[in-house]
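S.K.: A single structure is presented below for examination.
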Amino acid sequence: MQTVFSALLSILAAFSYGCGGVYAKKAFTGVSSLSLSIGQQLGAAFVLIPLTVFYIPTKPVSPVVVYSVLGLAVFCTAIAYLFYFYLLANVGPTKTLSVTFLVPVFGVIWGMIFLHEKITIGMIGGLMIILTSIFLLSDVKISLNYPHLPANDR
C-alpha cells in the first residue's frame with residue numbers, strides 16, 4: 001500500500017509541477033523574473049521556517065554544512081528560479097519544464113561516474129526515450145532538402 005501511495009504522490013507532484021508552470025505563465029504575465037523569484041523564495045521561507053522549530057540541531061553545525069546549504073540556496077534555488085521565470089515568460093511552460101527530463105539522464109551519468117553503478121540495457125532504452133522526447137519538444141525541423149544539389153537533381 002505504501003508503494004501505491006508513494007506512486008500516487010509522485011504523479012500528483014508531476015501534475016502540480018506542470019500546472020504550476022502554466023498557471024505562472026498566465027497569471028504573472030508582465031511581472032519581472034526577479035520579483036517572481038523573490039516572491040517564490042519568500043513564500044517558501046514563510047511555509048518552511050516555522051517547521052525548523054522541530055529540527056533544531058543538537059550539535060554545532062560545521063562550516064562545510066553552512067557553506068553547502070548556502071551554495072544550494074543561492075545557486076541551485078535562487079539563481080535557478082531567475083532562469084526559470086525568465087524562460088517561462090520567453091519560451092513558455094512546455095519548453096521550460098522539459099529541462100526536467102534531463103534529471104534522470106544526469107542521475108544515471110553521475111551514478112556511473114561517482115558510484116560505479118552499472119548501466120543496463122533498460123537504462124539505455126529509457127535514456128533514448130527521454131532524449132527523443134526532448135528532441136520532439138525542441139521544435140527541431142529536419143529538412144530533406146539538399147541545397148548543394150541542383151534543383152533538377154533532387
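The values are calculated or read from the model by the stated rules, or taken from the named source; none is laboratory data. Keep in mind it's a predicted model, so treat the numbers as computed, not measured. Because the Cβ atoms are built from the backbone with ideal geometry, glycine has one as well, and the counts that use them run over all protein chains shown. Heads up: the accessible areas ignore ligands, DNA and RNA and are worked out on the full protein's heavy atoms, side chains in. Shrake-Rupley method; radii C 1.70, N 1.55, O 1.52, S 1.80 Å.
S.K.: State yes or no: is PHE75 closer than 30 Å to VAL31 by Cβ and loosely packed, with under 11 Cβ neighbours inside 10 Å? Full working, then the answer.
M.R.: Values: closer than 30 Å to VAL31 by Cβ: yes; loosely packed, with under 11 Cβ neighbours inside 10 Å: yes.
Criteria met by PHE75.
S.K.: Where the second residue is open to solvent by 80 Å² or more (accessible area, probe 1.4 Å) and outside any helix (DSSP H, G or I) and the first is in contact (Cβ under 8 Å) with a residue 12 or more places away in the chain and over 13 Å from TYR84 (Cβ atoms) and lies in the range 21-49, which pairs have Cβ atoms under 9 Å and are six or more apart or on separate chains?
M.R.: Note: no pairs meet the criteria.
S.K.: Please specify each residue of the range 110-143 satisfying the condition of being under 27 Å from SER16 (Cβ atoms) and β-branched (Val, Ile, Thr).
M.R.: ILE129, ILE130, THR132, ILE134
S.K.: Take VAL65 and decide whether it is over 19 Å from SER32 (Cα atoms) and aliphatic (A, V, I, L, M).
M.R.: Yes: the conditions hold for VAL65.
S.K.: I'd like the residue in the range 114-141 that is in contact (Cβ under 8 Å) with a residue 12 or more places away in the chain and part of a helix (DSSP H, G or I) and, out of all such residues, is most open to solvent (accessible area, probe 1.4 Å).
M.R.: LEU131
S.K.: Could you give me the residue pairs with C-beta distances under 8 Å whose first residue belongs to the range 58-71 and is over 18 Å from GLN41 (Cβ atoms), whose second residue is open to solvent by 80 Å² or more (accessible area, probe 1.4 Å) and basic (Lys, Arg) wherever it lies, and which are 6+ apart or on separate chains?
M.R.: Note: no pairs meet the criteria.
S.K.: Please pick out the residue among ILE113, ILE119, ILE130 that is touching a helix residue (DSSP H, G or I) at 6+ places or on another chain (Cβ under 7 Å) and over 28 Å from PHE15 (Cα atoms). Steps first, answer last, please.
M.R.: Details: ILE113 fails: touching a helix residue (DSSP H, G or I) at 6+ places or on another chain (Cβ under 7 Å); ILE130 fails: over 28 Å from PHE15 (Cα atoms).
Among ILE113, ILE119, ILE130, only ILE119 is touching a helix residue (DSSP H, G or I) at 6+ places or on another chain (Cβ under 7 Å) and over 28 Å from PHE15 (Cα atoms).
S.K.: Tell me, which residue of the range 5-34 that is polar (S, T, N, Q) and either outside any helix (DSSP H, G or I) or under 13 Å from LEU88 (Cβ atoms) (or both) is most open to solvent (accessible area, probe 1.4 Å)?
M.R.: Applying the filter and picking the extreme gives THR29.
S.K.: Restricting attention to the range 80-113, which residues are aromatic (Phe, Trp, Tyr) and either open to solvent by less than 50 Å² (accessible area, probe 1.4 Å) or in contact with a His (Cβ under 9 Å, 6 or more places away or on another chain) (or both)?
M.R.: TYR84, PHE85
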